[in-house]
Every structure is written in structure tokens, then in C-alpha cells.
1. Label the range 91-133 by shape, choosing from rounded, prolate and oblate, from the square roots a ≥ b ≥ c of the eigenvalues of the Cα gyration tensor; if a/c is under 1.5 it is rounded, and otherwise prolate applies when a/b is larger than b/c, oblate when it is not.
2. Mind listing the phi-derived Karplus ³J(HN,Hα) values for the range 280-289, rounded to whole Hz, using 6.51, -1.76 and 1.60 with θ = phi - 60°, and x for any glycine or proline?
3. Under a straight-distance cross-link criterion of Cα-Cα below 16 Å, which aspartates and glutamates are reachable from K176, leaving out those fewer than 8 residues away in the same chain?
4. As a quick test, which of the pairs K168/K317; K297/K319; K138/K273 have an alpha carbon distance above 30 angstrom in this structure?
5. What full-extension length gain, to one decimal in nm, is calculated for E197 and H88 as 0.36 nm per residue of separation minus the Cα-Cα distance?
6. Hey, could you get me the Stokes-Einstein D for the range 53-217, Kirkwood radius over alpha-carbon pairs, 25 °C and 0.890 mPa s, rounded to whole µm² s⁻¹?
7. Ignoring solvent entirely, what values of log10 I(q)/I(0) come out of the Debye formula for the range 243-331 at 0.25, 0.26 Å⁻¹ when each Cα is a single scatterer?
8. Is there a quick way to get the dipole size of the range 214-331? I mean about its Cα centre, with the Cβ of Lys and Arg at +1 and of Asp and Glu at -1; what is the value in debye to the nearest 20?
Amino acid sequence: MRYVNGYISYKNCYFFIFIAKNKYFLIKYLPSLLTERQFLFYNSLTMEWKTRYLLSNDHIENPLRFGDVQLLQLGRRYCEATEEIIPHPHLNWFELTIVTDGRGTVFTNGESCEVHSGDIYLSFPCDIHEIRADLNSKLEYDFLSFYCENPLLKRDLKGITQAYFGAKSRVFQDDKICSLVQQAIAEFSVKGQPYSEELLSDIFRLICVYLLRNFSDSKQKVDSVSDAQILCLQIMNYIDTHVYSLQYLQELAPRFNYNYGYLSGLFKKTTGKSLLDYFHHRKMETAKALILENKKKIKEIAEMLHYSPYAFSKAFKAKYGVSPKALQIRR
């Protein structure tokens, strides 16, 4: 065999094997030393290293069940300085982003939060999530996306979404959770181990327990926030975490034990914007992220957010000046 992938002969393979042990050299300096054909192969080889997961177990379409926990994603990622993980929407799952090295910024529904090595960031269901490496630093992190079906744990996890409103209140540190996620990644990396399912079930359940302990131990400070502001934050959080299931804003009334007219007036007076505007904005931002993710059809996105295809296209174009289809093609 003379070529590897049609580009590189055996004598060059030894060179690539040697160079591959030094990723920094490979990414920064090697391209200038290659012929055009070699560069094409190099570019395809390193694209995964620069911009994609080093390790990813993706089961969003068909979650894996481990006891009371459904696993959607588990993996490890390396980001170069300034690299950006574009905004992407979550459905009904929680996600842990565990920074193992470097620093960067996590954006949740447009709100930023800086993270450093050792930080764990908790994302809620229905969040629009984005990650950027720092301008002068790489960013390495492990991630775990899950959904818990245990009634008690599920109830308390929902309580976290109602109590911790802002992005900056979602950051914590816990060496036990970091270690457990690393164990889970290692277990997935080796196939066919005896009692693997039992071990992973215990690991994921422990992660949920330690997660709940962290948030029960750190009470959010709201002393300087008025009752009206707290209620408005709770309403916004409810809309954020029910953007796929909430069809009409009138459904908020029984949830908060106030009539809708009172909630609408209080929200406008406290935040300066109407409830309808906030709800519409949140749905359009979610739609935009889903379109850019390019995993679902426009019709499916419209149905998820309770629009007819025509009404969805009209509302989206009014918001962004471009139709959903045009944005999808432009991407």
C-alpha cells in the first residue's frame, strides 16, 4: 500500500506518528512543512482535535437508562483559545460542565459566567447554552447530560431550577463529582466489563445526590431583593424551563396562585417589559438555537414551540428579519 487515505506514503506515516505525540507542534508549525496533498490529509486529521470532542458518548436521540437516571451525553472536550461552542438548546435534561483545565465563559440564555479549572457549571432543562474559551487560554472540560426519574431526586432537582435564577449562581466545586464523572468516562471507554451497568447506575445516582447536597448547602442570598422581584424571577425561570410545554401564559396563574392580570401587571411594572414579550423572545431564541444546531426540521421546531408553520415563519422573520428556512440555508 503506497498511500494512506490517498495522500501519504509509508515513510511519511512514521513522521506523522512521531509528530502526533506533540499536538501543539502539529497544530502550530506542521502545516508550513507539508506538501499540498499532505496538508489536505493533515487538515482532516487535526480538525477533530481543534474543534470537536476528544471523547463523546451522545445518546440524545435514544437515552441510555442506568437505574433511575437516563444518560444523554457523556464526554470530554478540548477547546483552543478563543474557540466557541455555538449556542445550542437543551430539552428536558440537566447538564454538568466540569472545567478540568484552563478558563473560559459559559453563557446561559445570554447571561455570562466565567469559569476556571475546578469549577462545575450546572445547566437547567430548556437552557440555551454556549461555551467560549478565554482569549489567552485553552479550555478543557468534561460534560454530563442526564435526566433523573427518581421521584424524590426529580422533585429536588426541580427545586434547584426554581431557586437559582442567574447564571452565576450555578457554579460550584466538588471533587467527588469530578472524580465520579471521570470514572464514568473511563468505564465507557472500556467495553465488556462485568457489572458495568450496575457500576454506572450507582455513579450517576451518586452524582445526583452530591449535586443536590451542594445546592442545599449554599443558600442563595436574596435579602436585598424585593418580593416582587423574586416573583418575577420565578416567573422568568418557569418560562425558561417550560418553554417547550407552556402553551399559554394564562397557565402561569394556577402555578403561582395569582390571577393572570395581576401577574402580567406586576411583571411589566417590575421588569419594564411585558410577559408576552418575554415569552415570545424566549421562544424565538430557542427556535434560533435549534435551527443553527441543524438537527431538526423547521416544521418540527414550530411544533415543539406550539406554532403552526406559517405563524412560526412569520414570527421568526419579524424578530430576526430573515425566515427560518433562509437562516438554515445561510448556515
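The numbers here are math on the coordinates, done by the rules we state, and not lab data. In this text, all values refer to a predicted model and were calculated from it rather than measured experimentally. When we count neighbours, we look across all protein chains shown, and the Cβ atoms used for this are built from the backbone with ideal geometry, even at glycine.
1. Oblate, since a/c reaches 1.5 and b/c is not below a/b.
2. 5, 4, 5, 5, 5, 5, 5, 4, 4, 5
3. D119, D142, D202, D217
4. Distance filter (> 30 Å) returns K168/K317; K138/K273.
5. 36.3 nm
6. 154 µm²/s
7. -1.20, -1.26
8. 700 debye
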